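Structure first, then comments.
The values are calculated or read from the model by the stated rules, or taken from the named source; none is laboratory data. All figures in this text were calculated on a predicted structure; none of them were measured in a lab. Neighbour counts run over all protein chains shown; Cβ positions are idealised from the backbone, glycine included. For the accessible areas, the whole protein counts, side chains as well, though only heavy atoms, and no ligand, DNA or RNA atoms are used. Shrake-Rupley method; radii C 1.70, N 1.55, O 1.52, S 1.80 Å.
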Amino acid sequence: MTTLASMNGIELTKVGTDEIEIPTHWYNIVADLPTPPAPGLHPGTGEPLQPQDLAPLFAMGLIEQEASTERWIEIPQPVRDVYALWRPSPLFRALRLEKALGTTAKIYYKYEGVSPVGSHKPNSSVPQAYYTKLAGRTRVTTETGAGQWGAALAFAAETFGLTCDVWQVRSSYESKPYRHAQMEVFGASVVASPSELTKVGRELRERFPDTSGSLGMAISEAVEEAAADPNASYSLGSVLNHVLLHQSVIGQEVLQQLAVFEEPQIDYLFACAGGGSNLGGIALPILRENLDGRQNVKIVACEPMAAPSLTQGEFRYDFGDTAGMTPMLKMYTLGKDFVPDPVHAGGLRYHGMAPLISHCYHEGLISAIAVGQLEAFEAGVLFARAEGIIPASESNHAIAGALRQARAATESGASPVIVIGVSGNGLLDLPAYTEYLSGNMSDG
């Protein structure tokens, strides 16, 4: 294994598959939190959730993970075999970005855009499909915002021989046609939400006839469909504990890769935050380092101004969907009826934040900022021109937050180590970049 950050006078700029191994276990932050997070509540009784309450929607293997307080949960070999298609994902030293900024900061970025669908989402879709297949079910239903999760689940469902039905938020369905084409290539059935296919969809169309849709609405439709079919499981791409658990492979790899770079300490970590899957995946293993006294990293959640659940929401119990069909979760929320503006970062247009992330934010273990759409795309274009990678619209928020910090460091003469979570590539977001470059993009 490479152990030196510089060899033969050439500075190491990338650590990927040749230097580290795929993690063998998922990390569960619940085992190390100073105070336990609040339990989910049954939507009908208001009592704490029991495993049998979730059984109609989820495979038992996932339910056990959702409730687990174990620190480490072994990754099944079939899942690791699929992970090997793209994991470990690379960690880059952003030397060209540093030069473009003229910054005194050292910048690294973890790039999840190398997965089969171009985002971090298969880290959870693959195990969700695996456990669904193991439970003897044959179908998965889900919602998707930007389309990244829908594509990831379509890929995973095809891998394990399941059928897949996706409700894509209407604004995203209409503005990102190649996202649902991507899902259909993998064999999924995709409809715009709210749709005429479900009772709740028809009711939502009647209540909000001109709605651009929301993740909360799409969740309601997917849940209704799964609950009515004993052969189906509902799959969620963010928010829930087991999703953040699966995503922990990201942060575990970052720590290994920084060791190869001979970078013992991180000062700042920036990651985009909508429902919490990407932020949780990269941040929670690093938060453990903070809790154990090995690091003192300022972890910054970068959310869109169009859906600022952490910076402007309330910390309370709320439904995860618009129709009130899901369990009630203790989280920062803008309210289940909140419909955000149809900004291009569709994966961040959610009314609430993952309970684990919300708990950590409430306890002061992480911080948060809101980033406008124009600032995000300005950062994304600068990043692309420097590093040669076009980031996903969602990732641009994390890049924007990091650029703020890098510029502040230069002004003060400091040299912090900054890590950015780049959650995916933006090759299917090019119409959004065209809108930005033409000067026609609105802020939000």
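Less than 5 angstrom separates the built amide H of residue 295 from those of 290, all sequence-distant by 5 or more or on a different chain. Shown here: Rg and Dmax of the Cα atoms in Å, derived from the displayed model; of the candidates (1) 24.8, 79; (2) 20.3, 67; (3) 22.3, 65, it corresponds to (2). Computed about its Cα centre, the charge dipole of the stretch 145-219 is approximately 140 debye, with only Lys, Arg, Asp and Glu carrying charge at their Cβ. Computed extension length for residue 67-residue 437: 128.6 nm, one decimal, from 0.36 nm per residue of separation with the Cα-Cα distance subtracted.
Largest accessible area first, the listed residues 106, 121 line up as 106, 121 when surface is computed with a 1.4 Å probe on the assembled protein chains. Listed cross-link partners 121/330; 110/330; 14/99; 14/298 are compared with a 25 Å cut-off, the Cα-Cα value being larger for 110/330. Projecting the Cα positions of 374, 364, 45 onto the charge dipole of the chain (unit charges on Cβ atoms of Lys, Arg, Asp and Glu, taken about the Cα centre) puts 374 furthest along the positive direction. A 1.4 Å probe run over the protein chains yields, for the chain, 36 Å² of accessible area per residue, whole-number rounding.
Solvent-accessible area assigned to carbon and sulfur over the chain amounts to 51 percent, based on a 1.4 Å probe.
Using Cβ point charges alone (K and R +1, D and E -1), the dipole size of the chain about the Cα centre works out to roughly 460 debye. Take every DSSP beta bridge whose two residues both sit in the chain; close to 40 percent of them are antiparallel. Each Lys or Arg adds one and each Asp or Glu subtracts one; over the other residues with Cβ under 13 Å from the Cβ of residue 352, this totals -1. Can you find, among 283, 295, 320, the residue farthest towards the positive end of the dipole of the stretch 194-327? Put +1 on the C-beta of Lys and Arg, -1 on that of Asp and Glu. Positive-most Cα among the choices belongs to 295. With the simple model of a label 7 Å out from the Cα in the direction of the Cβ, residue 229 to residue 292 spans 4.3 nm. Modelled this way, with points 7 Å down the Cα-to-C-beta line, the labels at residue 99 and residue 415 are 1.8 nm from one another. In this Cβ point-charge picture (+1 for Lys and Arg, -1 for Asp and Glu), the stretch 296-390 has a dipole of about 160 debye about its Cα centre.
Of all beta bridges that DSSP places with both ends in the stretch 257-330, some 40 percent have antiparallel geometry. Which one of 259, 78, 227 is farthest out on the positive end of the charge dipole of the chain, using unit charges on Cβ (Lys, Arg +1; Asp, Glu -1) and the Cα centre as origin? It is 259.
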